[in-house]
1. Relative contact order for the range 330-527: what is it in percent, counting Cα pairs under 8 Å that are at least 6 residues apart?
2. Using Stokes-Einstein with the Kirkwood hydrodynamic radius over Cα pairs, what translational diffusion coefficient do you get for the range 142-329 at 20 °C and a viscosity of 1.002 mPa s, in µm²/s rounded to a whole number?
3. Stokes-Einstein diffusion coefficient for the range 330-527 at 10 °C in a medium of 1.306 mPa s, Rh from the Kirkwood formula over Cα pairs: what value in µm²/s?
4. Please report the spacing between the Cα centers of the range 154-214 and the range 480-501 in Å, no decimals.
Amino acid sequence: MAPQRGATKAGAPLRRRSQSGGSRTEPHRAEPRQAAPGRTEPRQAAPGLPRLALASPAGPALGPRPRPGPRVAAARSRSGPRPGSASQFLKRLDKPLDESPARGNTGRRAPGAPRLVPGGPPRAERTPVPTTTAPRPAPDAATRSRRALAIGALALGAFGIGLTEFVVVGLLGPLGEDLKVSLPTAGLLVTGYAASVAVGAPIMTALGANLPRKTMLAVLMALFIAGNVIAAVATTYGLLMAGRIVSALCHGAYMGIGPIMAASLVAPEKRSRAIALMMTGLTLANVIGVPFGTALGQRLGWRAAFWAIVVIGALALAAILLFVPARPNDAGEGLRGELAVFRRPQVWLVLTVTMLGWGAAYAAITFLEPILTEVAGFETSTVPWLMLLFGVGLTAGNLLGGRLADRAVMPALFGTISAATAALVVFAFAAHSPVPAAIMVFVIGAAGFAMVPVLQTRVLDAAAGAPSLASSVNASAFNVGIALSAWFGGLAIDAHWGLTAPIWIGVAMGLAALAVAAAASRRPADR
């Protein structure tokens, strides 16, 4: 039979090796241990079972432990058995689980019971200290009011710019009589303005790419005021056209940079609503621009309308200087960075969607007056009220589009274009009856202008890092869409397809916009 581990052959004394690897020491022969007073003798192994020996980390298994000295024995007798000793461990094994006050029948520590630490006294349960992160403080009333004033200043500038664009429509008659030009020639003041917006937006933005946005907005508003002063004092048709062109050059750049500034004033999840609030100035100008110009032209002369716009522009300039915060541009901006974003296919896709989608909505708007009078049968005197209803739809759709874009941009883009296209289909059939036609005038205005903040937000995402030039080109894309839809609609009318033919042209452009948007959604983002 092999000898047990830890024992020596023929009763020879055990040699113990130190952990440090030093010289061997000859220990004394272990004598039988006697139980110290107050200690419980460990259990003996059952007959027939081998005795388990503990293994030492320093070498082979050790033999019996040496007897403690008299001082240690006396201390143990006074203090009783050590917590965590073998005797206490064996005593715990003798107790059933349901007799332990600190544990339940499941073997888990009961709530509030002390935690037993091996080799030491029971340790009281430590009460966890709550480590909650303080919530981000909400902006105070002063901060919110400053943001509101800044967005209001931007909206006031957009209102003045929108008035400049639409006011001439109601002044063509007085202008032609005063400047001795025909009505079609006077109408070129509208066409020249739109063309100058499309061309001037990227040029003006590129020239001011290295300027801070607040400075650029102030410069644009100052030039806008100068253009309207030229128009107000013009004594010839050419000088009036020059003033209109100067104002138009600022239009596209302002409507491109203004939304970026408005979005930077609020949290990212509210940027589309901020853009929509800024665009409200443009929608209100669309609502009251023609009636405002007509009333002033009839009572005070056409020059008074331009002087009124000069006053509005001066107020907007002062508000921008006072309330809009000065913020540095992003690190990637500058002319080179602004041009670099046009290497991204997503930028060109969203510009195409803007051109086709807004052109679809404007296909019916361009010829809305003859459709309402000759197809729906409304009196001419009723048309201004219907245009007012159309303007209310523009404002409501603008605010709705901002909220939808803050939730999800691409679903909002598909939804608004689809709604505008469906509204055009319904209007093509409802235009023959006055009441349904009036309802659809409101719906077309709401569905059409709901696209504006969505498209503006989408172009900011596609041109992230340097969005100023892309946003201004997006403003040009709006005007290109207007020109294309008006041109195709005019060709359809000249081809004797009927006054409702431009509506179907808009439907075709809306479907094309949806196809391009679908292609953009399947393509990964370009960064």
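1. Working: 307 pairs, mean separation 81.5, N = 198.
For the range 330-527, the relative contact order is 41 percent.
2. Numbers: Rh = 16.6 Å.
Roughly 129 µm²/s, to the nearest whole number.
3. Translational diffusion coefficient: 93 µm²/s.
4. Answer, in whole Å: 23.
Every read-out reported here was derived from the displayed coordinates using simple, explicitly stated rules and does not represent laboratory data. All of these numbers come straight from a predicted model, not from anything done at the bench.
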